[in-house]
Amino acid sequence: PSTEGGAEKMAGAIADSVTPRASDKASVEALKKLILDGVSSKGAATPGTILKFDCSSSGDVRVSVDGVEIGSAPGIQQAFCDVFLDDKAVSPKFRESCIEECCS
């Protein structure tokens, strides 16, 4: 199987989750490209690959792969967070856990 296809699927799945929540589609494409670039820089998304997304107060989402910062996608912090925290969150159990741990 193609390792590039795996990275494309992973980046696409994240972008597909953010897209309906974001008004700036160019920033979603920037996020997707950062993920692809980061995974490509190490060769492939192998088991144990760590993707890290830091949401800044300026609204940017910084992308790191295995501890190496790749870059930032501007203005999609809220849309990215909503993937995990809005009423249609991708993981309702994660959302519940966040609410229990952070809001109680």
Among F80, S40, V18 - extreme Cα towards positive end, dipole of the chain, charges at beta-carbon: S40
Estimated inter-spin distance, Q78 and T49, nm [label 7 Å along Cα→Cβ]: 3.1
Cα convex hull of segment 26-78, projected area averaged across orientations, nm²: 3.4
Dimensions (Å) - segment 1-53, Cα atoms, principal axes, largest first: 32, 20, 16
Accessible surface of the chain, 1.4 Å probe, proportion on carbon and sulfur as whole %: 54
Orientation-averaged projected area, Cα convex hull of the chain (nm²): 7.2
Net charge, D24 excluded, C-beta distance under 15 Å - Lys, Arg +1, Asp, Glu -1: +1
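In square angstrom, what is the accessible area per residue of segment 3-103 with a 1.4 angstrom probe? Please report the intermediate quantities before stating the final value.
Working: 5970 Å² over 101 residues.
Each residue of segment 3-103 exposes 59 Å² on average to a 1.4 Å probe.
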Acute angle (nearest 10 degrees) that the helix 3-18 long axis makes with the longest principal axis of the chain, alpha-carbon atoms: 20
Normalised contact order of segment 1-88, rounded percent, pairs of Cα under 8 Å and 6 or more residues apart: 28
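The values are calculated or read from the model by the stated rules, or taken from the named source; none is laboratory data. All figures in this text were calculated on a predicted structure; none of them were measured in a lab. No Cβ is skipped: glycine too gets one built from the backbone with ideal geometry, and neighbour counts run over all protein chains shown. The accessibility values were calculated without ligands, DNA or RNA, using every heavy atom of the protein model including side chains. Shrake-Rupley method; radii C 1.70, N 1.55, O 1.52, S 1.80 Å.
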